[in-house]
Amino acid sequence: MLERVNAFIWGEGLVFLLLFTGGLYTIKLGFIQFRAIPYILRSVFGKSQDTNKGLSQWKTVCMSLGTAMGTGNITGVAAAIAIGGAGAVFWMWISAFFGMALVYAENVLSVKYSDNECRGPMAYISKGLGSKTLSLCFAFFCILASLGMGGMVQVSSFSESLRDFVRINDKLLFIGIFLVLLLIISGGAKRIGTAAQCLLPAASLIYAAACIWVISHHYSNLSGSVARIFTEAFGIKQAAGGISGALISRSVSVGMRRGIFSNEAGLGSSPLLHSAAESDSFQLQGMWSMFEVFLDTIVCCTLTAVTILCASPDLSVSGAFCSLPGGVCKPFISVELMIFAFCTIIGWYYCGESAFIHIAPSAKTGIFCIIYSLTASLGTVFRAETIWTVSDIFNGLMAFPNLVALLLLIKKVEKE
């Protein structure tokens, strides 16, 4: 039943709505995706004059990237290729292109309406649309998604990766993860941003370097692998082989969904995280959020995909890295998965906390801190399959009120 509900929520309707909204904003904002990079480069070497004493821009970016660059950037890409073929990668790029316009719009509205009491989509839904009920629905779905997708699922992946090369008692693992999470997230956005800043850039650079190393060892397969992405995306190979359009449709569907899962554009998590930034410039927050989608899907997911297509006979990431000499494949993949999972866990806590404050403004955030740490730590005991399905449902449900707001507030984004 859960699988059927999940398939319905993440069906063609939601994918079409996300792409339609992203396409509409792309046109209305004059293909803003192509104008983002120069602005970001200028902002890196300049200083923001408009601050509210929040997180530094780089910490905010790391925290936001942490929620997106989870285990899906490694195992999720492998699953997309296994199910939808190499062509699924092309459709991930398409979802990212339109997703860049979506996250820009989300962050423009978030900066316009957010304050200390109400942030992100909750702010522009309740104040921009004037719908308190819809904002409470979003907050409720966000809390459940944070506990599931951001907490239990990622801790389950973290635990499985740790058990791959270390024998550890389940009770000790549960207690250890609970205490570490409690220590970091109890420090709020500043401590979460600092942890993400310390872990994510280094892990991402090392992972990218390792992928390039694998690709360089199989350089002769590179052109053929890249060609497969395009030929299988448009069904050229399938048509030549007399195969029906079902496989092409599957490639499009899987690629779009995996792209959305990876970068989370349109789901509402990005504006929640960027609301903690020191800068009140909607242009800066919008442009940086677009860069995050680009880095997450176009760069990181593509590196994973090309590495798999070049070097892995079984279409797995571990299969690709095992082609290298030295036998460090499994520990390396496990450590990378653990770091990405951990950054996702602490980043999603901030999303859940912001939603919790919106629903219960008089309650102490320490209550949610304990609940989140305890719930997430249960991922060491429960396996991810059922949790993942339930979390997927609430993650998808977050998108509907958010997309309604984005469509109805499009003129305000244009004006800004």
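The values are calculated or read from the model by the stated rules, or taken from the named source; none is laboratory data. Just so we're clear, the structure is a prediction, and the values are computed from it rather than from any experiment. Because the Cβ atoms are built from the backbone with ideal geometry, glycine has one as well, and the counts that use them run over all protein chains shown. The accessibility values were calculated without ligands, DNA or RNA, using every heavy atom of the protein model including side chains. Shrake-Rupley method; radii C 1.70, N 1.55, O 1.52, S 1.80 Å.
Identify, please: which residue in the stretch 278-298 is in a helix (DSSP H, G or I) and of a type outside the set (A, V, I, L, M, F, W, C) and is, among those, surrounded by the most Cβ atoms within 10 Å (Cβ to Cβ)? Walk me through how you get there before you give the answer.
At the first step, the residues of the stretch 278-298 found to be in a helix (DSSP H, G or I) are 282-298.
Then drop every residue that is not of a type outside the set (A, V, I, L, M, F, W, C), which leaves 283, 285-286, 289, 292, 296-297.
Working: Gln283: 16, Gln285: 29, Gly286: 30, Ser289: 32, Glu292: 26, Asp296: 26, Thr297: 29.
That would be Ser289.
Of all the numbered requirements in (1) in a loop (DSSP other than H, G, I, E, B); (2) small (Gly, Ala, Ser); (3) modelled with pLDDT of 85 or more, Gly327 misses one, and that requirement is (3). Being surrounded by 24 or more Cβ atoms within 10 Å (Cβ to Cβ), under 19 Å from the mean Cα position of the chain (by Cα), hydrophobic (A, V, I, L, M, F, W, C) and at pLDDT 75 or above is a condition met by no residue of the stretch 19-40.
Filter the stretch 49-68 down to the residues that are open to solvent by 50 Å² or more (accessible area, probe 1.4 Å), at pLDDT below 65 and not basic (Lys, Arg) and list them by number. Matches in the stretch 49-68: Gln49, Asp50, Thr51, Asn52. In the stretch 160-172, the residues that are in contact (Cβ under 8 Å) with a residue 60 or more places away in the chain and open to solvent by 70 Å² or more (accessible area, probe 1.4 Å) reach residues that are in a loop (DSSP other than H, G, I, E, B) and of a type outside the set (D, E, K, R) with C-beta atoms within less than 7 angstrom, at least six apart or across chains, in these pairs: Asp170/Val381.
For the stretch 87-110, the set of residues classified as surrounded by fewer than 24 Cβ atoms within 10 Å (Cβ to Cβ) and β-branched (Val, Ile, Thr) consists of Ile94 only.
Look at (1) closer than 25 Å to Gly66 by Cβ; (2) open to solvent by 50 Å² or more (accessible area, probe 1.4 Å); (3) in contact with a Ser or Thr (Cβ under 8 Å, 6 or more places away or on another chain) and you find that His217 fails only one, number (1). Checked against (1) open to solvent by 20 Å² or more (accessible area, probe 1.4 Å); (2) modelled with pLDDT under 85, Met256 meets all criteria but (1).
Contact annotation: residue pairs with Cβ atoms under 9 Å, 6 or more positions apart or on different chains, pairing a residue in the stretch 252-269 that is touching a residue at least 40 places away in the same chain (Cβ under 8 Å) with a partner that is open to solvent by 30 Å² or more (accessible area, probe 1.4 Å) and of a type in the set (D, E, K, R), are Ser253/Glu12. Here Ile229 does not fit the description of being closer than 25 Å to Thr60 by Cβ, part of a helix (DSSP H, G or I) and not small (Gly, Ala, Ser).
Looking only at residues in the stretch 123-146 that are open to solvent by 30 Å² or more (accessible area, probe 1.4 Å) and among the hydrophobic types (A, V, I, L, M, F, W, C), the one that is nearest to Phe340 (Cα to Cα) is Leu144.
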